[in-house]
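Enquirer: One structure follows; several queries about it will come next.
The values are calculated or read from the model by the stated rules, or taken from the named source; none is laboratory data. None of these values were measured; they are calculated from a predicted model. No Cβ is skipped: glycine too gets one built from the backbone with ideal geometry, and neighbour counts run over all protein chains shown.
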Amino acid sequence: MSVLMSYAMFPTDKGSSVSEFVSKVIKMVTESGYDYKLTAMGTIIETETLDQALEMVSKSYKVLEPYSERVYSTVTFDIQTNKPIGRLSGKIKSIESKIGEVEK
């Protein structure tokens, strides 16, 4: 099983720049051991189960809770029970290989 979770979470009461707080969440994600990719609009994490992904959402909130009275989050899941872990990089490689085929 592979669960790809794309999410963003940040405080809404800290002004227009919240990178100081987002970096605290990313530090926790890094220490979790899960494969992840940071993007300009959020973070993508791959876990083996939905429960693990949901736990990461909860842990992210707990990182921000002491600093903020209001936290905003968006979360999207791609859950495949018939695929092994490794889709985070595999999906990108698949697209890149098709781009190469189109250019030929």
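Enquirer: Which of the residues that make up segment 69-80 are among the basic types (Lys, Arg) and either touching a Cys at 6+ places or on another chain (Cβ under 7 Å) or part of a strand (DSSP E or B) (or both)?
Expert: Answer for segment 69-80, where residues must be among the basic types (Lys, Arg) and either touching a Cys at 6+ places or on another chain (Cβ under 7 Å) or part of a strand (DSSP E or B) (or both): there is none.
Enquirer: Out of the residues in segment 69-86 that are modelled with pLDDT of 95 or more and of a type in the set (D, E, K, R), state the one that is nearest to residue 12 (Cα to Cα).
Expert: 70
Enquirer: Please work out if residue 87 is surrounded by 15 or more Cβ atoms within 10 Å (Cβ to Cβ) and in contact (Cβ under 8 Å) with a residue 12 or more places away in the chain.
Expert: It is true that residue 87 is surrounded by 15 or more Cβ atoms within 10 Å (Cβ to Cβ) and in contact (Cβ under 8 Å) with a residue 12 or more places away in the chain.
Enquirer: Of the residues 81, 49, 43, which single one is within 12 Å of residue 7 (Cβ to Cβ) and out of contact with any His (no Cβ under 9 Å at 6 or more places or on another chain)?
Expert: Exactly one of 81, 49, 43 is within 12 Å of residue 7 (Cβ to Cβ) and out of contact with any His (no Cβ under 9 Å at 6 or more places or on another chain), namely 43.
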